[in-house]
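Inspection log for the structure reproduced underneath, given as structure tokens.
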Amino acid sequence: MGKEATIWEHLEELIIRLRRALIAFAIATLIVPFIPISLSSYTPLLYVVPKMVLDHVVPETIEVGGHIIEVKLTAESPFAGLRILMYSAILIGFLTSSPYIAYQIYAFIEPALYPHEKRWIKLGGVVAIALFLLGVSIALLIVLPFTYKVMFILSATVAADRLVSYASLEDIMSSAILITLATGVAFEVPLIIFILVYAGVVEIPSLTGNVMRALLIASAVIAALISPDPSGVGMLLLLIPYYMLIVVAVTLAKFLKSRRT
């Protein structure tokens, strides 16, 4: 048997792997956003991502009770466009470098794992990615469009005999990115709950009564924190699939735990 590494050697290895992850994130942020999407004319990914986000979450017009509300996005400062590109570059860099960052974390803990634990971690990684992408999709396709629609309706004003709703381009883009990432991260909670229940850290006797209410309240609090929609409908659009995932996670963990026992 080889000599066991000291705590300082483990810390040194951790620092090295974190430095590699940080370098990968920096390189991805500085290079990947400038990869051209179109070969005929130089159109980098950095310009495509903000446009895709805005096209999905911001309508040009909104019809309410027979009236048309025009949505106008404005830049509050000359540097607003630059900051939007910076937010987009950071988002692209994080998404593209995240597999390598996850690998560095796994490589650090891998020597201390048993073979069956390695299999579970690999499977959990795939599930975590799927849940994150599901949360991002729900945020971009359902929660954000409805939330911004409500906000635009509430802030509409009369200008030149027209109903117009003005919004800051930078605020829309930054909040869209923040809410999208927050939703993706929040959708990792069912996986964490599954692990805790399956490992026996958290005991849930049955999915009835107070347990169901507690899970529902916790899900509603998380959904309310993510969705800024004042009507509460945006929160419900997020709460329904989120609560269902948590119930499925608990049910599956209890079933697999009973099989193992």
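The values are calculated or read from the model by the stated rules, or taken from the named source; none is laboratory data. Computed from a prediction, not measured in an experiment: that's the story for all the values here. Cβ placement follows ideal geometry from the backbone for every residue including glycine, while neighbour counts extend to all protein chains displayed.
Of the set (1) touching a Pro at 6+ places or on another chain (Cβ under 9 Å); (2) not acidic (Asp, Glu); (3) not in a helix (DSSP H, G or I), all apply to Ile62 but (1). Total residues in the stretch 226-248 satisfying the condition of being among the β-branched types (Val, Ile, Thr) and within 24 Å of Ile172 (Cβ to Cβ): the figure is 2. Taken residue by residue, the stretch 182-201 has at least one member that is surrounded by fewer than 20 Cβ atoms within 10 Å (Cβ to Cβ), charged (D, E, K, R) and closer than 30 Å to Ile92 by Cβ. Among the residues of the stretch 106-116, those identified as over 22 Å from Ala21 (Cβ atoms) and part of a helix (DSSP H, G or I) are Pro115, His116.
Pairs are defined by a Cβ separation below 9 Å, a sequence spacing of at least 6 or placement on different chains, a first member in the stretch 140-151 that is within 15 Å of Leu236 (Cβ to Cβ) and in the same structural domain as Ala167 (by TED's automatic domain parsing), and a second member that is basic (Lys, Arg) and at pLDDT 90 or above; no pair meets this definition. One residue stands out among those in the stretch 20-39 that are over 24 Å from the mean Cα position of the chain (by Cα) and either surrounded by fewer than 12 Cβ atoms within 10 Å (Cβ to Cβ) or in a helix (DSSP H, G or I) (or both): the one that is modelled with the highest pLDDT, which is Ser38. Write out, first by first residue and then by second, each pair whose Cβ atoms fall under 6 Å of each other, whose residues are 6+ apart or on separate chains, and whose first residue, in the stretch 158-182, is within 15 Å of Glu76 (Cα to Cα) while the second is charged (D, E, K, R) and surrounded by fewer than 17 Cβ atoms within 10 Å (Cβ to Cβ). Qualifying pairs under 6 Å: Tyr166/Lys72; Ser168/Glu76; Glu170/Arg83.
Assessment of the stretch 40-52 against the conditions (charged (D, E, K, R) and under 26 Å from the mean Cα position of the chain (by Cα)) yields at least one matching residue.
Residue-by-condition table, conditions (1) surrounded by 14 or more Cβ atoms within 10 Å (Cβ to Cβ); (2) in a helix (DSSP H, G or I):
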| position | (1), (2) |
| --- | --- |
| Leu215 | yes, yes |
| Ala218 | yes, yes |
| Ala224 | yes, yes |
| Ser231 | yes, no |
| Leu236 | yes, yes |
| Tyr242 | yes, yes |
| Val247 | yes, yes |
| Val250 | yes, yes |
| Phe255 | no, yes |
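To keep it simple, each residue is scored yes or no on (1) assigned to a strand (DSSP E or B); (2) touching a Leu at 6+ places or on another chain (Cβ under 8 Å); (3) assigned by TED's automatic domain parsing to the domain that holds Leu91.
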position: Ser165; (1), (2), (3): yes, no, yes
position: Glu170; (1), (2), (3): no, no, yes
position: Met173; (1), (2), (3): no, yes, yes
position: Thr180; (1), (2), (3): no, yes, yes
position: Ile192; (1), (2), (3): no, no, no
position: Ile195; (1), (2), (3): no, no, no
position: Val202; (1), (2), (3): no, yes, no
position: Pro205; (1), (2), (3): no, no, no
